[in-house]
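Data block below; observations after.
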Protein chains: 2
Amino acid sequence: MLQGYKQPGQTDCCLIDEEFRGVKKLSSGTVLVIGGVAAGTKAAAKARRENPGLKIVVITKDRHVSYAGCGLPYYIGGIVQEEKELLVRQPEDFLLDHDIEIITGQEAVRIIPGEKAVMVKDLTTGELQKFFYDKLVLATGASPFIPSIKGKELANIFTVRAISDAAAVKRLLAGRNIQDAVVIGGGMIGLEVAENLSRLGVKTTLIELSPQILPSYDLDVALYVQNYLREKGLSILTGTAVTGFEDNGRGEVGAVLTGAGPVKADLAVLSIGVRPNVDLARECGIQLGPTGAIAVNKMMETSIKDIYAAGDCAENINLITGRPVWYPMGSTANKTGRVTGINVSAKENKDSLEGVLGTSIIKLFELNVAKTGLTEREAGKLGYDPETVLVPVPDRAHYYPGNRLIITKLVADRKSRRLLGGQIYGEGAVDKPVDILATAITLEASVDQLAKLDLAYAPPFSPAMSSTIVAANVMINKLAGKFKGTSPLSLKEKLAAGAVLVDVRTAEEYFVRAIPGSINIPLRELALHAGSLDKNKEIILACKVGLRSYTAFLKLKSFGFNNLSILEGGITAYPFETE
Amino acid sequence: MLQGYKQPGQTDCCLIDEEFRGVKKLSSGTVLVIGGVAAGTKAAAKARRENPGLKIVVITKDRHVSYAGCGLPYYIGGIVQEEKELLVRQPEDFLLDHDIEIITGQEAVRIIPGEKAVMVKDLTTGELQKFFYDKLVLATGASPFIPSIKGKELANIFTVRAISDAAAVKRLLAGRNIQDAVVIGGGMIGLEVAENLSRLGVKTTLIELSPQILPSYDLDVALYVQNYLREKGLSILTGTAVTGFEDNGRGEVGAVLTGAGPVKADLAVLSIGVRPNVDLARECGIQLGPTGAIAVNKMMETSIKDIYAAGDCAENINLITGRPVWYPMGSTANKTGRVTGINVSAKENKDSLEGVLGTSIIKLFELNVAKTGLTEREAGKLGYDPETVLVPVPDRAHYYPGNRLIITKLVADRKSRRLLGGQIYGEGAVDKPVDILATAITLEASVDQLAKLDLAYAPPFSPAMSSTIVAANVMINKLAGKFKGTSPLSLKEKLAAGAVLVDVRTAEEYFVRAIPGSINIPLRELALHAGSLDKNKEIILACKVGLRSYTAFLKLKSFGFNNLSILEGGITAYPFETE
């Protein structure tokens, strides 16, 4: 019989003993894990691989374990077709393959550090039991935040966190003629759900309280995405508060009430954000961090000995700033779960996670959007002296079929020349450059080093000068004062103040699409027409991506123009409607 | 009139004067560039942007400038449909947009450093002229190596270096019923050409002298690619010398003669490799490096003052070893061209390229293959103590449609734990991880840092634990002695010596595909059947990717087995025929 961890009256691991019969098992301790999704099961499985003699038990409220929460929007949208595809493993798999007992339908209600025990309630029987541990892992995750607004208890209002949530949305969509949906919250999950609903043919409105969707991105990027999504047929209301839900007369949501009036909704999804599940930790005296998540050191140890926290319930350190942050990401959950699994089982060679960058990525229709490190706004707030560039470059050789422009926004510190962050967006492959930037930032690269990376080049994969390298070169030029940029965000204001926007593309290109308020002087006619431009006015040069406007900038400068700038990212990155 | 650089009797830049009328041009020097493809035009354009007052002249033998040489195989295969798509710019574009004069059909025949002049022969008239320079840029590129073998002058034998070469191949394919093609040389270009010919329906044989295709890759990787290409219908003969070409009786190639007998060929492509074009440099006393290419310092300066070399004719430094190497890559040509363009025009703030990694990538049918840094073989030769892992991981979430396994081979130094190199291959996205590795190697990352990168995760782009992170974790486990690996290359030998190969996948998986000589004991039956295994024999465990065999390894170890190892990369990376 293995070391006991429960009060009598329940089956124990005889199956495991059966499987391992004849083999001496070391009872070097019991690891109890609370939570069975990413971090919890990762910690358990890794602890097992590190130490075959441990007793490892996972308790979870849910029926499912180890499921792919990030796949739920795609399950709603039918891209992932079967619920079972999202289930990485079943509880019995852990038992049979890893000698890990997973007990579902159990809620941890109190941690008693003095006894090294956890009071656990069986959600079926209501019975309370005490589980003892040598090492305890909190992997309690996060829960959707549900604001206290009128009508939130109406039917057909959902959150999307568990498989059962997504299944409920799917059932409603399958069983009823849902015409209008409202998604509340313009973060990653909200956008993914809105996109998937929209692709299913449901008229979808996205409502966001703050002035922009994707609040963790810079405004110029968010506006670009917003403009794209509107062109795809999504209604987007930003800066709009949801005040309640209207009953359709049958106890179901009929409309979402907002500061801008009611929005018809047969289905509403609340995706305002998630909050770390920290009640258990707080109540037993475990310290929380400034973000509200559980404070941990780099080894994922909480403030109480032998209690670890991993995954979405735990705080992280931002690698660049060294400050506590809370980025509840599946990738981080796996990493912190693994570190925890090693540390609860290893006596020496403990593992640690130095920090994270807040790297994120999202696919919305054909648009891909990613970021890593600091945004321009964050860098400014944190006291850096940030310089930025906005550079569109094709993701493959310009002649290779299927190539698409992607826009790279780099943020660097003027003084140290260190790369601080990047945001990359476009219909092409943005996952590659964002990972290059994440790697570079982690290893404290300067923009000069970035520009000289020996990246893989062949026409199906990259232009000879990859987007990362071109963007770094543009940054180097800008830091050297070789040109001045105008952000598309300040364009309207500058034009109102008398600046002249000169589009130097060809007449044909200009005819197809142009920025309101611009005039067209093709690059090759610039010398001819330069005399007609007023040297006393600010002249902003624009082209498709920025290269021709740089040439035009240098030409006009040589002609004696001094009040010059380039529209950053050209018409490609322009985040408003064009003509 | 601008500063003269020619003897009298030719038109000068009056057009430019016309365009820039009224503007004072500084004649601060003349930059003369020899070569008009990637590095030459890049150097010229960058020099212009740095300094509007320079006189910049490019001379080239070819009719085309600034063309995409790397796109030629795709032009042959019809993926790139029009010749003009490969032409980035025309000579007149440089004149009109950048005030750079490009003179085509001119061959530089002698450099006279004492006079700072170059003797140039007009290839149409045969006339010789002297061009003077303040700074000279050699961007003479590289040429295909053509061995002196019998019949090489027959018709329908091609190299693929210039647009005219590819056009000639296309004309032959269009005009004649070409059934059999032979490509000689299994490097990147040879493989790309063979793939494109094969996709066009031509029965194609690839002949390579050395024992493997892709000689710059490790053997296990090359064999995998070879196995894949054979399954796609390509005939591949390695370790086979070409001794001559047979006349079909009409002055055309009819067969390629090899040490293994004749191979029928209506078309032959010689792609044995390229050699740097260094005659001009050598003859005027410019020092060549140990690789045979022009020796340059990090600022691309040759041994003679005011003469620079960039692109394929110049040597590089390997960033890891600090030793001279020669990697003629389009990406490097662009970088060295840019550095040169800055340095021929800037008085201060000179630019430099510290070195390269030999990063390369190739697409062959649906298979993508990439490498960066040192191979296992190179690392061993250079005195490192290399450890390697071979790890298949899906390129996206396992439940996201279209995900594919990619195999990561990492090479790290046991002592320093520094990442030395990576080779990545599979039908999924390998360009992203190879660029992550290239970035990490450049910034001297350890495998421990690699495992903790905060890479972008969302189901359409990556699994929660990306391939790079999983491979780094496996490397960390291996460096810690947690498991022993067996390379697929040594498997046959080990089996012959009495080792037992135990495949721990399910019976269903084993039924579909198995490694010759293996036995099947599914993981869940291992405890039951462990007693039937001989503890005195070496037991090699295999599964699909390596995870279940790691679990099996730990189980058998706990059962007292000591002579255990895991088949690296499982059946996924197995580079030979399966049953």
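The values are calculated or read from the model by the stated rules, or taken from the named source; none is laboratory data. For clarity, every value in this text was computed on a predicted model and none was experimentally measured. Note that we place each Cβ from the backbone using ideal geometry, even for glycine, and neighbour counts take in every protein chain shown.
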Subset tally (residues that are within 13 Å of chain A (Cβ to nearest Cβ) and without any contact (Cβ under 8 Å) to a residue 60 or more places away in the chain) for the stretch B:92-109: 6
Filter result (under 19 Å from the mean Cα position of the chain (by Cα) and among the basic types (K, R)) within the stretch A:324-351: A:K335
Total residues in the stretch A:471-523, condition of a type in the set (D, E) and under 14 Å from A:G570 (Cβ atoms): 2
Residue match in the stretch A:407-423 (condition: of a type in the set (V, I, T), within 13 Å of another protein chain (Cβ to nearest Cβ) and crowded, with 20+ Cβ neighbours inside 10 Å): no
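So that you can scan it fast, the table gives a plain yes or no per residue for (1) of a type in the set (D, E, K, R); (2) touching a Gly at 6+ places or on another chain (Cβ under 7 Å); (3) modelled with pLDDT under 95:
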position: B:T340; (1), (2), (3): no, no, no
position: B:V344; (1), (2), (3): no, no, no
position: B:D351; (1), (2), (3): yes, no, no
position: B:T359; (1), (2), (3): no, no, no
position: B:G373; (1), (2), (3): no, yes, no
Qualifying residue in the stretch A:353-374 (condition: closer than 18 Å to A:A45 by Cβ and in a loop (DSSP other than H, G, I, E, B)): yes
Test: residue in the stretch B:460-472 that is at the interface with chain A (Cβ under 9 Å from one of its Cβ atoms), farther than 27 Å from B:Y400 by Cα and not acidic (D, E): no
Residue selected from the stretch B:43-82 under the condition facing chain A (nearest Cβ under 10 Å) and of a type in the set (D, E, K, R), by the criterion nearest to B:R338 (Cα to Cα): B:K46
Residue match in the stretch A:556-564 (condition: farther than 22 Å from A:P394 by Cα, touching a Ser or Thr at 6+ places or on another chain (Cβ under 7 Å) and not in a loop (DSSP other than H, G, I, E, B)): no
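This table checks each residue for (1) within 11 Å of another protein chain (Cβ to nearest Cβ); (2) in contact with a Cys (Cβ under 7 Å, 6 or more places away or on another chain); (3) over 16 Å from A:N277 (Cα atoms); (4) among the acidic types (D, E).
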position: A:D312; (1), (2), (3), (4): no, no, no, yes
position: A:R323; (1), (2), (3), (4): no, no, yes, no
position: A:R338; (1), (2), (3), (4): yes, no, yes, no
position: A:I361; (1), (2), (3), (4): yes, no, yes, no
position: A:L364; (1), (2), (3), (4): yes, no, yes, no
position: A:V369; (1), (2), (3), (4): yes, no, yes, no
Within the stretch A:371-406, considering residues that are of a type in the set (G, A, S) and touching a strand residue (DSSP E or B) at 6+ places or on another chain (Cβ under 7 Å), the one farthest from the other protein chains (Cβ to nearest Cβ): A:G380
Residue in the stretch B:137-157 that is buried (at least 20 other Cβ atoms within 10 Å of the Cβ) and either in a helix (DSSP H, G or I) or among the charged types (D, E, K, R) (or both) present: no
Cβ-Cβ under 8 Å pairs, at least 6 apart or on other chains, the stretch B:498-523 side in contact (Cβ under 8 Å) with a residue 60 or more places away in the chain, far side in a loop (DSSP other than H, G, I, E, B) and basic (K, R): B:R505/B:K544
Condition broken by A:G249, with the remaining ones in (1) under 14 Å from A:G151 (Cα atoms); (2) surrounded by 16 or more Cβ atoms within 10 Å (Cβ to Cβ) satisfied: (2)
Extreme residue, farthest from the chain's Cα centre (by Cα), among residues of the stretch A:438-482 that are aliphatic (A, V, I, L, M), farther than 16 Å from B:L319 by Cβ and not in a helix (DSSP H, G or I): A:A480
Residue in the stretch A:173-187 that is within 14 Å of chain B (Cβ to nearest Cβ) and either closer than 26 Å to A:V80 by Cα or not in a helix (DSSP H, G or I) (or both) present: yes
Qualifying position, being touching a strand residue (DSSP E or B) at 6+ places or on another chain (Cβ under 6 Å), of a type in the set (S, T, Y) and farther than 30 Å from B:L197 by Cα, among B:T332, B:T302, B:T321: B:T302
Which numbered condition B:G201 fails, given (1) farther than 29 Å from B:A573 by Cβ; (2) part of a loop (DSSP other than H, G, I, E, B); (3) in contact (Cβ under 8 Å) with a residue 40 or more places away in the chain: (3)
Single match in B:R161, B:R89 (criterion: away from chain A (no Cβ under 14 Å), basic (K, R) and assigned to a loop (DSSP other than H, G, I, E, B)): B:R161
Listing of strands (runs of 3 or more DSSP E) fully contained in the stretch B:224-300 that carry 2 or more residues being in contact with a helix residue (DSSP H, G or I) (Cβ under 8 Å, 6 or more places away or on another chain): B:267-270, B:274-276
Those residues of the stretch B:327-336 which are buried (at least 22 other Cβ atoms within 10 Å of the Cβ) and either more than 9 Å from chain A (Cβ to nearest Cβ) or of a type in the set (V, I, T) (or both), in sequence order: B:T332, B:T336
Some residue of the stretch B:81-89 being β-branched (V, I, T) and at pLDDT below 95: yes
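For every residue, the table says whether it meets (1) within 14 Å of another protein chain (Cβ to nearest Cβ); (2) modelled with pLDDT under 95.
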site	(1), (2)
A:K494	no, no
A:A497	no, no
A:V502	no, no
A:S518	no, no
A:P522	yes, no
A:L528	yes, yes
A:E538	no, no
A:F559	yes, yes
A:T572	no, no
Condition broken by B:Y308, with the remaining ones in (1) over 26 Å from B:Y550 (Cβ atoms); (2) part of a strand (DSSP E or B); (3) within 11 Å of another protein chain (Cβ to nearest Cβ) satisfied: (3)
